[in-house]
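Have a look at the structure below, then the notes.
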Amino acid sequence: MKLSFLLQLGFGSMLLVSHTGNAATFCVNQTTELQDALAVAAGNGEDDVIRIKTGTYTYIIPFVQVMFTYDTQEDFDITLQGGWSGSGETCQRRMLSPTATVLDGGGNKAVLWVTGANSTSGDITIEQLTIRGGALSAEGAGMRLGGNYGSNGFDGSIVVERVYFDGNQATEGAGLYASTNAGIRIRNSIFRANQCEVNGCAASIAIFSLDSSEVRAVFSNNTVFGNTCSDEAGASCVTGGVIVDGLGLSPRTALLNNAFAQNEGNDVDLTGGSAVDLWYNNIIEFAGTPASSVGNLNFINPGFVSPILDDDFNLQADSPMRNAGYDGFLVGLPPYSNSDYAGIARVQEGRIDIGAHEFGERIFSDGFE
């Protein structure tokens, strides 16, 4: 799709769009450019990558429920990447920090919805963003990914990598609400101070599968801290952390190397029917019965550097999370990715750490990749 055609469609923003084969790459630098790129990508018949430059993106148009939306009837992949910089309209270099690119709902709107129609199978990948200040009287104020799940629901895989979910408020899954019939990978992310009225204030994961042996969802090396039920929630809200829903069909889900701390009530709710393996997490309270439980810790203080005053979830030298994780293979899948939350190599001291940060990363970081 050429730029002139975008302008004929009525898009006032200038989007830099390049094409390689059956794929399109956008470089965006403004709020309107980002929404324009999402709208074009939803129907252009191509796999799409949207590169978002550093800065804070807010939406000023009134009467919209969600700031940024992508809703497709097609089977093509969509990838959103934060941290880009470059001169003019180009995206040439990428910063490591997820906090360099912020999508902010300002406490008034949901932030980002990337969804597909029933039976569509395009994969969704979200990388290196901060999702902040979303507010919604439904699920997924920070981010809603996927679509309906069930026998004819959304069939694409979901990957969330190195995202900071901060201060979002919703009915359920305030930080993240993700649902699909395929696979889910949520890794190296931080969920902080999200609030909800029902359960799963940090995240709500729903996955449909009739196969109880293959691992379909992995929630690994995340830090889940200080997520709470809202004042209006009442006694029904008992899980400030993560809820896993398997629609009563017992699909396999792995929670691995996560650091849970200071969440209201349960860190994890396993009562949704998924067969959940709890391996090498720091977890204080959970509801339900895991399929297996190995190597879990129970430290109220995980030894973060300064989580309350400075939002610093790096590990102190004496943290019990240091070198306490599992870095083997799980049903043929590597449980971790090559980089931690800050983009630095995992397993720096011979064994993986628990949580989003690998200890010692700041010694080697130059802020760019």
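Does V159 meet the test of being within 23 Å of G343 (Cα to Cα) and in contact with a Lys or Arg (Cβ under 6 Å, 6 or more places away or on another chain)? Steps first, please.
Details: within 23 Å of G343 (Cα to Cα): yes; in contact with a Lys or Arg (Cβ under 6 Å, 6 or more places away or on another chain): yes.
Judged against the criteria, V159 is a match.
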Q: For region 1-53, name all the residues that are of a type outside the set (G, A, S), surrounded by 14 or more Cβ atoms within 10 Å (Cβ to Cβ) and modelled with pLDDT under 75.
A: M1, L6, F11, M14, L15, L16
(Q) Of the conditions (1) of a type in the set (F, W, Y); (2) more than 24 Å from G355 (Cα to Cα); (3) at pLDDT 95 or above, Y164 satisfies every one except a single condition; which number is it? (A) (2)
Q: Give the residue, chosen from A193, A170, A206, that is touching an Asp or Glu at 6+ places or on another chain (Cβ under 7 Å) and at pLDDT below 95.
A: A206
Q. Within region 240-252, is there a residue that is at pLDDT 95 or above and among the charged types (D, E, K, R)?
A. no
**Q.** From R144, R185, residue being over 16 Å from Y57 (Cβ atoms), of a type in the set (D, E, K, R) and at pLDDT below 95
**A.** R185
Q.
Taking the condition of being in contact (Cβ under 8 Å) with a residue 60 or more places away in the chain and assigned to a strand (DSSP E or B), how many residues in region 278-305 meet it?
A. 2
Q. Residues of region 170-191 being surrounded by fewer than 23 Cβ atoms within 10 Å (Cβ to Cβ) and either closer than 20 Å to A100 by Cβ or not β-branched (V, I, T) (or both), which ones?
A. E172, A182, G183, R185
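Conditions (1) over 17 Å from V242 (Cβ atoms); (2) modelled with pLDDT of 95 or more, marked per residue:
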position	(1), (2)
N282	no, yes
P290	no, no
G295	yes, yes
F299	yes, yes
L315	yes, yes
M321	yes, yes
A324	yes, yes
G328	yes, no
V331	yes, no
Q) Restricting to region 209-238, what's the tally of residues that are of a type in the set (S, T, N, Q), at pLDDT below 95 and out of contact with any Pro (no Cβ under 8 Å at 6 or more places or on another chain)? A) 3
Q. Which members of region 111-140 meet the condition of being touching a residue at least 40 places away in the same chain (Cβ under 8 Å), part of a loop (DSSP other than H, G, I, E, B) and among the aliphatic types (A, V, I, L, M)?
A. A117, L136
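Let me confirm something: among T228, T223, T239, which residue is touching a residue at least 60 places away in the same chain (Cβ under 8 Å) and either at negative phi or of a type outside the set (S, T, Y) (or both)?
After applying the criteria, what remains is T223.
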Q: Write out, first by first residue and then by second, each pair whose Cβ atoms fall under 7 Å of each other, whose residues are 6+ apart or on separate chains, and whose first residue, in region 83-104, is more than 16 Å from D311 (Cβ to Cβ) while the second is in a helix (DSSP H, G or I) and at pLDDT 95 or above.
A: G83/A100
**Q.** Cβ pairs under 7 Å, 6+ apart, first in region 21-40 and touching a residue at least 60 places away in the same chain (Cβ under 8 Å) and over 15 Å from T58 (Cα atoms), second among the acidic types (D, E) and surrounded by fewer than 19 Cβ atoms within 10 Å (Cβ to Cβ)
**A.** C27/E89
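Residues are listed down the side, and each one gets a yes or a no for (1) of a type in the set (S, T, N, Q); (2) surrounded by fewer than 20 Cβ atoms within 10 Å (Cβ to Cβ); (3) modelled with pLDDT of 95 or more; (4) more than 21 Å from G146 (Cα to Cα):
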position	(1), (2), (3), (4)
G55	no, yes, yes, yes
D71	no, yes, yes, no
D77	no, yes, yes, no
T90	yes, yes, no, yes
V102	no, no, yes, yes
(Q) Quick test of your reading of the structure: D353 fulfils all but one of (1) closer than 15 Å to L256 by Cα; (2) modelled with pLDDT under 95; (3) buried (at least 21 other Cβ atoms within 10 Å of the Cβ); (4) not basic (K, R). Name the failing condition by number. (A) (2)
Q: Could you tell me whether region 199-207 includes any residue that is farther than 20 Å from L278 by Cα and not basic (K, R)?
A: no
Q: Just one of (1) polar (S, T, N, Q); (2) surrounded by 15 or more Cβ atoms within 10 Å (Cβ to Cβ); (3) over 30 Å from E214 (Cβ atoms) trips up T271, so point out which.
A: (3)
Q) If you scan region 166-175, which residues turn out to be part of a strand (DSSP E or B) and touching a Ser or Thr at 6+ places or on another chain (Cβ under 7 Å)? A) D166, Q169, E172
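Within region 281-302, track down each residue that is under 22 Å from Q316 (Cα atoms) and surrounded by 21 or more Cβ atoms within 10 Å (Cβ to Cβ).
Let us first name the residues in region 281-302 that are under 22 Å from Q316 (Cα atoms), namely 281-284, 295-302.
N281, N282, I283, P302 - these are the residues of region 281-302 that are under 22 Å from Q316 (Cα atoms) and surrounded by 21 or more Cβ atoms within 10 Å (Cβ to Cβ).
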Q: Name every residue in region 144-178 that is farther than 23 Å from N257 by Cβ and among the hydroxyl-bearing types (S, T, Y), in order of residue number.
A: Y149, S151, T171
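The values are calculated or read from the model by the stated rules, or taken from the named source; none is laboratory data. What you see is a predicted model; the values in this text were computed from it and never measured. Using ideal geometry, Cβ is built from the backbone for each residue, glycine included, and neighbour counts are taken over all protein chains shown.
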